[in-house]
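I have placed the structure first, in the form of structure tokens, so that the comments after it can refer back to it.
The values are calculated or read from the model by the stated rules, or taken from the named source; none is laboratory data. Please read all numbers here as calculations on a predicted model, not as lab measurements. Note: ideal-geometry Cβ built from the backbone for every residue, glycine included; neighbour counts use all protein chains shown. Note: accessible area is taken over every heavy atom of the protein model, side chains too, but ligands, DNA and RNA are not part of it. Shrake-Rupley method; radii C 1.70, N 1.55, O 1.52, S 1.80 Å.
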Amino acid sequence: MPRGTLVVTSGPVSEEAEPAYDEWYDTPHVPQVPAPPGPVSARRPRLAGTSVFGPPAQDGGTRRYLTLYEIEAADVAHAAETSAAALPGMTMTQVMAPGRTTVPPAEEIPRT
């Protein structure tokens, strides 16, 4: 079955909001991520030091988290679209900085 990765950058509105952001991510958000054929696993590393993706948000929030959703589906792009369509029904939080970035899904390159 083909595999791919959906990449999302996000972060809290401030350093002080980071514990609340982490709690939101681990508690209501992850359990609401659609089941396969959507993501089969997720990792959320934080950029080291003061690195961020893109410019700081107008309210000072930064996107320091890189969430990698591994997708296993016959049509990786369609599975990513299905997962994204579930966003309006998910519990969101005021402590997440605006300007979340989602990169189009990347398919694994078959090795021969």
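How many residues does region 93-107 hold that are modelled with pLDDT of 75 or more and exposed (fewer than 13 other Cβ atoms within 10 Å of the Cβ)?
Within region 93-107, the first condition is being modelled with pLDDT of 75 or more, and the residues that meet it are 93-97.
Subsequent filtering for residues that are exposed (fewer than 13 other Cβ atoms within 10 Å of the Cβ) retains 94.
Going through region 93-107 one residue at a time, the tally reaches 1.
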Selection from region 72-89 of residues assigned to a loop (DSSP other than H, G, I, E, B) and modelled with pLDDT of 80 or more yields Ala73, Ala74, Asp75
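For region 1-19, what are the residues that are over 14 Å from Tyr65 (Cα atoms) and open to solvent by 30 Å² or more (accessible area, probe 1.4 Å)? Show your work before the answer.
So the first thing to find is which residues in region 1-19 are over 14 Å from Tyr65 (Cα atoms), and the list is 1-5, 16.
Once the filter is applied, which keeps residues that are over 14 Å from Tyr65 (Cα atoms) and open to solvent by 30 Å² or more (accessible area, probe 1.4 Å), region 1-19 yields Met1, Pro2, Arg3, Thr5, Glu16.
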